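In what follows, a structure is listed as structure tokens, so that the remarks can point back to it.
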Amino acid sequence: MLRRYKAILLFLASLFLLVLLSLFVKQWLLQDTWWLEGYQWIDWMHDIGHFYMNFLSTETGKHFLLGFLFPLLYTSMILTVFNIGFIAFFILFRRWRSINNYVYFSRMREKTEDVLLEYLYGDKDAAMVKLRSLNRRILVKEMVGLRKQIIGSKADQLRSLFYELHLDDFIIRKIKYSRWFNKIMYIDAAQWMLVTRAEDVIEPYQYVTNVYIRNVAQVACISLSPDSAFSFLNVLEYPLPVWHQIILYKSMVLSSVPIPDFYAYLRSDNTTVVLFALNMIRLFSQRGDEEKIIALVSHEDPIVRRNALKVICDLKIYQAMETVKQYFQKETIRNQVNMVHVLSLDKTEETLDFYKTIWIETKPNVRMEILKHIEPALRKKLQDTMPSERGFNETISNIHA
Amino acid sequence: MKILICGENPLQLKMMKNELEQEGDEVRLSWSGIDLMAHVIKFMPDVLITEVLLPQINGFEFIDNVRKHFPKISIMVLSSLRSEHLIDFVFRLGANDFVFKPFDPETLRGRILKLQESKNSLLTLNYMDYVTSV
């Protein structure tokens, strides 16, 4: 209740305060002198108001409403002037601070870059002394930035330098205690510098509500603990977006992680996890318990069904034919097209018989797809046996065109 | 050899410069996108190493412009792009070589030499064609 009318209550409270303040201002304006009398830079404010209030007190200018409204207006004007001044000061201060920060960080970044290059190509001992005195946040940022771009002996040197400077301890501490956007940076650093000790700290972040931390932590865990890389999928409650699925796939390929058994995730309650598992099975042509995939043909989600059909088609799972035929009529048109692709694996008379039974109820565009995917000999048979209705003839002419 | 390196990450560029200068090449860097063409005109490099995702300008357009105006410059593209379509597009714009990121900076010099050798052999062939009018 209070939450719903918060804005109205706030407005009424401000109005009340304004009226209260205006009563003080009225008293101030009615006085002939005040404590800053004589200081022209501020006294004009009192003089103008005082002149007008005096006029409103005389017989000719007496007006009840104006006597109440004028102090109110005057108070609002004073408050506005102060408000504008304060905001202008605040903006200028923030701008000044951000420029100063930018200059400082640019200088420090350049210095860090020079010292890092000195370490990689020059006097290592002298560079080590300088590196120990540098800002560690900038150092981590620069080292990780460079590590992402290079491989080979220089990348190994960079990694060993990271450990020599005890930056692994630093990032573990930062992952624990810094704010969320900094956590992301340090989790990323742990992933690239392979700080395996950070795994225990990062692991709980795979399930947090913040989608950015969650995704970075999941990718980091793939690199840091390849054996249990996808264990988070077992307990993930939140959706796994497609773009993150792509990142997970790329991380897996780049880190050369052993491919886990994705069939284990096909019975997950989280639909996005099932979709991810199906996509991975398809991409890696992974073989396993095919019954689990066949069971997904009757899944409640049409996108899962479609992906399951794609997997069946790519992996050539012949046992799925009966199930596909069973659910053909209940499917959406898009999925029926995928089912036709699956049925095209089985080029027997049985499939032809199945098509004959469903032909009349099937929509023309699906019929066209069927004709595209059957053997020419079977197509001829189908043409001969089926009634020459209007839609059918159109379909045939489209196919020949 | 005169080499111009354009990119976004100053540390990476400086590192490449260090690596190539050890072999006696003259290297210049540019990490601001606006005056890249001016750099090319002033320096007239033998080899241009550039990224596709450059700050402030379109890298594809830049490669296209350099190829149009300076056909003798060898262009080596350094990128983390993995799309075959885009890589093909980069070559069609006129790039001579494509290096995937992350890369080994120590092998860079070898790639450049190989690139120059292939360019020289092509030039020789062109020259012979011109003389014999074959």
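Values in this text are rule-based calculations from the coordinates and carry no lab data. A quick note: this is a predicted structure, and the numbers were derived from the prediction, not measured. Here the Cβ positions follow ideal geometry from the backbone for every residue, glycine too, while neighbour counts run over all protein chains shown.
Annotations for the structure displayed:
- Chain A - Rg over Rh from alpha carbon coordinates, Kirkwood radius: 1.27
- Lysine pair count for chain B [Cα-Cα under 19 Å; pairs on different chains or 8 or more apart]: 16
- Charge tally in the Cβ shell below 14 Å around A:Ile312, where Lys, Arg are +1 and Asp, Glu are -1, A:Ile312 excluded: +1
- Taking every alpha-carbon pair under 8 Å whose residues sit at least 6 apart, chain A reaches a relative contact order of 6 percent.
- Inter-label distance, nm, simple model (7 Å from Cα along the C-beta direction), A:Tyr327/B:Met1: 5.9 nm
- Across chain B, C-alpha contacts under 8 Å between residues 6 or more apart give a mean separation that, scaled by the residue count, equals a relative contact order of 21 percent.
- Calculated [θ] (222 nm, deg cm²/dmol) that DSSP helices of n ≥ 4 give over chain A, each run adding -39,500 (n - 2.57): -23000 deg cm²/dmol
- The Rg/Rh ratio of region A:146-262, with both radii computed over alpha carbons and Rh defined as the Kirkwood radius, is 0.96.
- Local net charge near A:Val216, Cβ-Cβ under 10 Å (Lys/Arg +1, Asp/Glu -1): +1
- Counting only other chain Cβ atoms within 10 Å of each residue's Cβ, the peptide A:141-150 averages 5.
- By the beta-carbon count within 10 Å of each Cβ, the least crowded to most crowded order of B:Ser79, A:Ser344, A:Ser160, fewest first, is A:Ser160, A:Ser344, B:Ser79.
- Theoretical FRET efficiency, 1/(1+(r/R0)^6), r = Cβ-Cβ of A:Asn135 and A:Phe86, R0 30 Å, to 0.05: 0.35
- When the P(r) of region B:2-133 is calculated, the portion above 22 Å amounts to 34% of the C-alpha pairs.
- For B:99-106, mean number of other protein chain Cβ atoms within 10 Å: 5
- A crude spin-label estimate for the pair B:Gln22 and A:Trp41, with each label 7 Å from Cα along the Cβ direction, gives 6.4 nm.
- Rh by Kirkwood over Cα pairs, then Stokes-Einstein D for region A:82-201 at 1.306 mPa s and 10 °C, µm²/s: 99 µm²/s
- Listing A:Glu369, A:Glu375, A:Glu290 from fewest to most neighbouring C-beta atoms within 10 Å gives A:Glu375, A:Glu290, A:Glu369.
- The label point for A:Ile8 and the one for B:Ser118, both projected 7 Å from the Cα toward the Cβ, are 7.5 nm apart.
- For region A:93-138, the gyration tensor built on C-alpha atoms gives a prolate shape. Its axis ratio a/c (a ≥ b ≥ c) is at least 1.5, and a/b is the larger of a/b and b/c.
- Among A:Ile150, A:Ile42, A:Ile360: highest mean-square fluctuation, GNM of chain A, C-alpha pairs under 10 Å: A:Ile42
- Likely footprinting exposure, A:Thr112, A:Thr323, fewest C-beta neighbours within 10 Å first: A:Thr323, A:Thr112
- Environment charge at A:Asp289 (Cβ cut-off 13 Å; Lys +1, Arg +1, Asp -1, Glu -1): 0
- Note on the protein assembly as shown: antiparallel DSSP beta bridges, both residues inside, total approximately 0 percent of the bridges counted.
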